[in-house]
Amino acid sequence: MLPRLPYRIQIPLGLVLAVTLSVLLVSVVAAQISARSARQEIVSTVQRVIDLLVAQGKPLLAQDDTWHAFTLLRNTAALLPQTSKGQSRAALLDAQGRFLAGSDPIRLPTGEQALGVLINGRLLPTASDANRPRTLTTRDGGMTLIEPIRSDDDQIIGFVFAEVDAAAFAPDWAARSTPALVGAALAIIVLVPLGWLLGRRMARPIAQTADCIAQIGRADPARLQLLLPQVQDPELNGIAGAVRQLLMETAARQANAQRALSAERLAAVGRITAAVAHEINNPLAGLITATRTLRLHGDGPDTRNRCLDLIERGLQQIRTMTTALLPQAKVEDRCMTPEDLVDVITLARATAAQHFVTITSELDQQSELFVPSTVFRQVMLNLLLNAIKAAGQSGQVHARLSTDAHKVSFVLFNTGRHFSDDRLQRRLTTDDGNDPNGFGLWICHEFAVRFGGGFTAVEANDIPSPFATCLSFWLPNLTHYDQQKPVAD
Amino acid sequence: MLPKRNALRVFTKRKCYEIVIYYAPIPLIENKPMQRRKLLELGATWGLMQAATQAQALKKDDTAPLRIGLTAVILADQAAFLTRWSDFLGARMGVPAVFVARESYQNILDLLFSDQLDAAWICGYPYVLHQSKLQLLATPLFNDKPFYQAYLIGRHDNRAAIKGWSDLKNRVLAYSDPLSNSGWLVAQAQMRAVGLVDQDLRRSFFAHGHRNVAEAVASGLAQAGCIDGYVWDTMQLQKMAAAAQTQVVWRSDWYAFPPMVAKRFDGNPALLALGEALQNMPADPQGMSLLKALNLTGFAAPDAAIFEPIKALAASVGALRV
């Protein structure tokens, strides 16, 4: 869990843990040593108290002064261990071994025999046996000390009695652990803010570097390089250097990408220009043929009118196409009529004648046509010219326009090599601007997508002989949805 | 070894010199041939006594303060209170007053008879013992009466509770002072009345003060104690632990309250002023405040007749040595 935390927390926590563990370990060791020496210290303390009582108790025993003996014992017993808990006590005994006074008169009753009898479960030696200092230890670790008090002429005038229960020798772990706890608390109080500051200082360059890395791709690499910290630490310096190198490479890559984008834009503009030129160029051959026809046979009114109508519709188609390229222009278009199919066939005949291609057509009109004439004429012309080229010398092309209540379909068959639907889709997605044929197919596809129609190639098995390729283009026949509304782009 | 009769201690910053005056009983001197060394000792003693007397006289002439001895008849270990009281008395008398407290009546009597004290507040029993050498200055009024009682007290939680004097056999009894009426004399009479002598007790001891008697019984050092009823009541009034842990087992008849005395024929005019100042304390708000702290209601004019019962009691136990 610790490694997941930020350095600002890791470092103070680590410091506190280290110090606390050190304090606890030292305290445990010290407590063990202290516990071992505690008994000896207690025995020494008791011995000092006895020495004091021997000196101070001598005149009191001589005067048989119980009250002053009691006050002496009451004050002196405070030096014994755990007296307040009743775990140690002292008394002055007279020469016969009776209590003159005790620090705890209830347990050491004045006037009662002490030596030679059981006192608090311990059999004490008789007065005659206690003519020298005696130390009695019980099984549970308790201790009783008896020391005679002698007069100046070496006669025993009384005894000092001191008793320490086993519980008084038990180590007071709470008291011993208190310094450790206080030390740990002080360490926490001091080291937490200190460690937090230290951690923040240490983590600042790392945070700056991380922040810099996080902004890569969203901010200017040159500006990000300025945010990288200047550090002396070799590891951090290595990281910062790597990030700086990454930023430099990113900047170079972005410059390259910018250049590529500009080139792509230029290429796109070129492709669009080529496509527009292509779309304008397509009807031009037919229009030139019509003007030639008008020049040669324009005397007849029918021929003249028919040629003029053809030229007008062809020019109108070019006008509509060029207007459509202007985003702000609102293009008004008429609905397609069966004559448009005738016009397109007429416009393509010149090209077909050049390649000796035979063009046939059929109209299967089961419903009125409600599709934009310019779009559909352009598609039909594109596909027809493509089919003528694909059919090759002496080939055959057959165009069929069919309508029903839902859609208007234009299907074009041609001889030559088979053009599968997969190949068509690849051609559409490849966006190969170098292929002049590709522009016509791409525009047909775009029209189909834009107007909710479709543009597919029929599989070879479904194509009637002698044709090898069949392309189908359709748009929804808007009659079905809104008969009153003129078709508009 | 000669008995210690008196001691004069001279305190300086670093050392304490003690001049001890010994005296030998007259029969001892009469029965043995006087030796040269003894004569020299007596001569030296006489000389020292004369020097001490002259020194005391010199001090008196130099507007010496009136020295008043206090004993265990009151709870006299309250320094701030004694200062206020001495200031009060000094202002009323026109002479500074100084309180001198000692643990035992004998110490105070020794100081008084050696002219190191001008007055003393002692028990009725030492008064009747030395009545021929003492004059009464005033008698305190406890609950508006110059009388008090002696109590026999025991511990509250004593399983073998003491209900009377006859229960003291083989028990530890604490006396207050060998010259105390309530703390010794009354007990002697009562024990005699129930057929007990001191040897019937497991042990007896003097606690050197009424308050110490209460503490000895409360701590279990003694199973019973003889105490001045006024002191025990005052301790209880002041909510002292020793009084709270003890109970009164027996109350005596009424005896004359410990009086304020001076040496008879002492012509010091300040003594008369002291008696008047004490008797006029109830008329003064400050005096009333001091009396309240003492748990007294006033001081009465001297009346030696009220001490007759104590004298009779002492005579009954053969303790009237004068």
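Being under 14 Å from A:Asp94 (Cβ atoms) and either out of contact with any strand residue (DSSP E or B) (no Cβ under 7 Å at 6 or more places or on another chain) or within 12 Å of chain B (Cβ to nearest Cβ) (or both): is that true of A:Asp51 here?
Answer is no for this residue.
Within the set of pairs 6 or more residues apart or between chains, which connect a residue that is farther than 12 Å from B:Leu274 by Cβ inside region B:82-109 to a residue that is β-branched (Val, Ile, Thr) and part of a helix (DSSP H, G or I) with Cβ atoms less than 6 Å apart?
Here the result reads B:Arg102/B:Ile108, each pair linking region B:82-109 to a residue that is β-branched (Val, Ile, Thr) and part of a helix (DSSP H, G or I).
Determine, yes or no, whether B:Lys311 is crowded, with 17+ Cβ neighbours inside 10 Å, basic (Lys, Arg) and not in a loop (DSSP other than H, G, I, E, B).
Taking the combined requirement at face value, the residue satisfies it.
Residues being among the charged types (D, E, K, R), within 14 Å of chain A (Cβ to nearest Cβ) and surrounded by fewer than 24 Cβ atoms within 10 Å (Cβ to Cβ): count how many of those fall in region B:162-181. Lay out the reasoning, then the answer.
Of the residues in region B:162-181, the ones among the charged types (D, E, K, R) are B:163, B:167, B:169, B:171, B:177.
From what's left, within 14 Å of chain A (Cβ to nearest Cβ): B:169, B:171, B:177.
Still in the list and also surrounded by fewer than 24 Cβ atoms within 10 Å (Cβ to Cβ): B:169, B:171.
Total meeting the criteria: 2.
Please find, among B:Asp228, B:Asp233, the residue that is touching a helix residue (DSSP H, G or I) at 6+ places or on another chain (Cβ under 7 Å) and away from chain A (no Cβ under 12 Å).
B:Asp228
Only one residue in A:Pro171, A:Pro109, A:Pro105 is within 14 Å of chain B (Cβ to nearest Cβ), part of a loop (DSSP other than H, G, I, E, B) and touching a helix residue (DSSP H, G or I) at 6+ places or on another chain (Cβ under 8 Å), so which one is that? Give the steps one after another, and end with the answer.
On the way: A:Pro171 fails: within 14 Å of chain B (Cβ to nearest Cβ); A:Pro109 fails: touching a helix residue (DSSP H, G or I) at 6+ places or on another chain (Cβ under 8 Å).
None of the others qualify; the one that does is A:Pro105.
Name, by its number, the condition in (1) of a type outside the set (Lys, Arg); (2) modelled with pLDDT of 90 or more; (3) farther than 18 Å from A:Ala352 by Cβ that does not hold for A:Asp435.
Among (1) of a type outside the set (Lys, Arg); (2) modelled with pLDDT of 90 or more; (3) farther than 18 Å from A:Ala352 by Cβ, the lone unmet condition for A:Asp435 is (2).
Of these, B:Leu137, B:Leu129, B:Leu109, which one is touching a strand residue (DSSP E or B) at 6+ places or on another chain (Cβ under 6 Å), buried (at least 19 other Cβ atoms within 10 Å of the Cβ) and farther than 22 Å from B:Trp232 by Cα? Can you show your working first?
Details: B:Leu129 fails: touching a strand residue (DSSP E or B) at 6+ places or on another chain (Cβ under 6 Å); B:Leu109 fails: touching a strand residue (DSSP E or B) at 6+ places or on another chain (Cβ under 6 Å).
Of B:Leu137, B:Leu129, B:Leu109, the one residue that is touching a strand residue (DSSP E or B) at 6+ places or on another chain (Cβ under 6 Å), buried (at least 19 other Cβ atoms within 10 Å of the Cβ) and farther than 22 Å from B:Trp232 by Cα is B:Leu137.
Just a yes or no: is a residue in region B:111-122 outside the structural domain of B:Met288 (by TED's automatic domain parsing), touching a residue at least 24 places away in the same chain (Cβ under 8 Å) and not in a helix (DSSP H, G or I)?
Taking region B:111-122 and keeping what is outside the structural domain of B:Met288 (by TED's automatic domain parsing), we get none.
For region B:111-122, residues outside the structural domain of B:Met288 (by TED's automatic domain parsing), touching a residue at least 24 places away in the same chain (Cβ under 8 Å) and not in a helix (DSSP H, G or I): absent.
Output the residue which, of all residues in region A:88-122 that are of a type outside the set (Lys, Arg), farther than 20 Å from B:Arg202 by Cα and in contact with a strand residue (DSSP E or B) (Cβ under 7 Å, 6 or more places away or on another chain), is surrounded by the most Cβ atoms within 10 Å (Cβ to Cβ). Spell out how you get there, then give the answer.
Our first condition is that a residue be of a type outside the set (Lys, Arg); within region A:88-122, this holds for A:88, A:90-97, A:99-106, A:108-121.
After this cut, where a residue has to be farther than 20 Å from B:Arg202 by Cα as well, the list is A:88, A:90, A:120-121.
Subset that is in contact with a strand residue (DSSP E or B) (Cβ under 7 Å, 6 or more places away or on another chain): A:88, A:90, A:120.
On the way: A:Ser88: 27, A:Ala90: 29, A:Asn120: 13.
Across region A:88-122, the extreme among qualifying residues is A:Ala90.
Looking at (1) small (Gly, Ala, Ser); (2) modelled with pLDDT of 90 or more; (3) buried (at least 17 other Cβ atoms within 10 Å of the Cβ); (4) more than 29 Å from A:Gln354 (Cα to Cα), which is the one condition that is false for A:Gly454?
Single failed check for A:Gly454: (3).
Among (1) of a type outside the set (Gly, Ala, Ser); (2) over 17 Å from A:Asp94 (Cα atoms); (3) in contact with a Pro (Cβ under 9 Å, 6 or more places away or on another chain); (4) without any contact (Cβ under 8 Å) to a residue 60 or more places away in the chain, where does A:Val192 come up short?
It is condition (4) that A:Val192 fails.
Evaluate the following for B:Ala161: is it of a type in the set (A, V, I, L, M) and part of a loop (DSSP other than H, G, I, E, B)?
yes
Quick one: which residue in A:Arg74, A:Arg48 is surrounded by fewer than 16 Cβ atoms within 10 Å (Cβ to Cβ) and over 60 Å from the mean Cα position of the chain (by Cα)? Talk me through it step by step, then tell me what you get.
Numbers: A:Arg74 fails: surrounded by fewer than 16 Cβ atoms within 10 Å (Cβ to Cβ).
That would be A:Arg48, the only listed residue that is surrounded by fewer than 16 Cβ atoms within 10 Å (Cβ to Cβ) and over 60 Å from the mean Cα position of the chain (by Cα).
Considering only region A:201-212, state which residues are buried (at least 16 other Cβ atoms within 10 Å of the Cβ) and either β-branched (Val, Ile, Thr) or out of contact with any Phe, Trp or Tyr (no Cβ under 7 Å at 6 or more places or on another chain) (or both).
Matches in region A:201-212: A:Pro205, A:Ile206, A:Gln208, A:Thr209, A:Cys212.
What number of residues within region A:130-186 are within 60 Å of the chain's Cα centre (by Cα) and of a type in the set (D, E, K, R)?
Count: 2.
Restricting attention to region B:182-209, report how many residues are part of a loop (DSSP other than H, G, I, E, B) and away from chain A (no Cβ under 12 Å).
Taking region B:182-209 and keeping what is part of a loop (DSSP other than H, G, I, E, B), we get B:194-197, B:201-202, B:207-209.
Next cut, away from chain A (no Cβ under 12 Å) only: B:194-197.
Total meeting the criteria: 4.
Any residue at all in region A:64-84 that is more than 14 Å from chain B (Cβ to nearest Cβ), among the hydrophobic types (A, V, I, L, M, F, W, C) and touching a strand residue (DSSP E or B) at 6+ places or on another chain (Cβ under 7 Å)?
Within region A:64-84, one or more residues are more than 14 Å from chain B (Cβ to nearest Cβ), among the hydrophobic types (A, V, I, L, M, F, W, C) and touching a strand residue (DSSP E or B) at 6+ places or on another chain (Cβ under 7 Å).
When you go through (1) within 26 Å of the chain's Cα centre (by Cα); (2) assigned to a helix (DSSP H, G or I) one by one for A:Pro229, which number turns out not to apply?
Of everything listed in (1) within 26 Å of the chain's Cα centre (by Cα); (2) assigned to a helix (DSSP H, G or I), A:Pro229 misses just condition (2).
Which residue, of B:Asp198, B:Asp144, is surrounded by fewer than 21 Cβ atoms within 10 Å (Cβ to Cβ) and without any contact (Cβ under 8 Å) to a residue 24 or more places away in the chain?
Every option except B:Asp198 fails the conditions.
Residue pairs, Cβ under 6 Å, 6 or more apart or interchain, first in region A:225-252 and more than 16 Å from A:Arg204 (Cβ to Cβ), second aliphatic (A, V, I, L, M) and assigned to a helix (DSSP H, G or I). List them.
If the second residue must be aliphatic (A, V, I, L, M) and assigned to a helix (DSSP H, G or I), the pairs left are A:Gln225/A:Leu247; A:Leu247/A:Leu224.
For the subset of region A:8-27 comprising residues that are of a type in the set (A, V, I, L, M) and free of Cβ contacts under 8 Å to residues at least 40 places away in the same chain, which member is surrounded by the most Cβ atoms within 10 Å (Cβ to Cβ)?
Within region A:8-27, the subset of a type in the set (A, V, I, L, M) is A:9, A:11, A:13, A:15-19, A:21, A:23-26.
When the remaining residues are screened for being free of Cβ contacts under 8 Å to residues at least 40 places away in the same chain, the result is A:17-18, A:21, A:25.
On the way: A:Leu17: 14, A:Ala18: 12, A:Leu21: 11, A:Leu25: 11.
Within region A:8-27, the match that is surrounded by the most Cβ atoms within 10 Å (Cβ to Cβ) is A:Leu17.
Out of the residues in region B:259-281 that are out of contact with any strand residue (DSSP E or B) (no Cβ under 6 Å at 6 or more places or on another chain) and not in a helix (DSSP H, G or I), which is nearest to B:Ser182 (Cα to Cα)?
B:Lys263
Condition check: in contact with a strand residue (DSSP E or B) (Cβ under 9 Å, 6 or more places away or on another chain), more than 14 Å from chain B (Cβ to nearest Cβ) and surrounded by 14 or more Cβ atoms within 10 Å (Cβ to Cβ). Does A:Pro125 satisfy that?
Numbers: in contact with a strand residue (DSSP E or B) (Cβ under 9 Å, 6 or more places away or on another chain): yes; more than 14 Å from chain B (Cβ to nearest Cβ): yes; surrounded by 14 or more Cβ atoms within 10 Å (Cβ to Cβ): yes.
Yes; evaluated as a whole, the condition is true for this residue.
Using beta carbons and a limit of 6 Å, which pairs, at least six apart or on different chains, have the first residue in region A:45-66 and in contact (Cβ under 8 Å) with a residue 24 or more places away in the chain and among the β-branched types (Val, Ile, Thr) and the second one surrounded by 12 or more Cβ atoms within 10 Å (Cβ to Cβ) and in a helix (DSSP H, G or I)?
Cβ pairs passing all conditions: A:Val49/A:Thr76; A:Val49/A:Leu79.
List the residue pairs whose Cβ atoms are under 6 Å apart, where the first residue sits in region A:100-116 and is in the same structural domain as A:Thr66 (by TED's automatic domain parsing), the second is part of a loop (DSSP other than H, G, I, E, B) and hydrophobic (A, V, I, L, M, F, W, C), and the two are 6 or more positions apart or on different chains.
Note: pairs meeting the criteria are A:Gly102/A:Leu108; A:Pro105/B:Leu221; A:Thr110/B:Leu221; A:Leu115/A:Leu124; A:Leu115/A:Ala127; A:Leu115/A:Ala130.
Say whether the condition of being surrounded by 15 or more Cβ atoms within 10 Å (Cβ to Cβ), aliphatic (A, V, I, L, M) and more than 14 Å from chain B (Cβ to nearest Cβ) is met by at least one residue in region A:130-142.
Yes, region A:130-142 has at least one match.
The values are calculated or read from the model by the stated rules, or taken from the named source; none is laboratory data. Remember, it's a predicted structure, so these values are computed and weren't measured experimentally. Every residue, glycine as well, gets a Cβ built from its backbone with ideal geometry; the counts of neighbours run over all protein chains shown.
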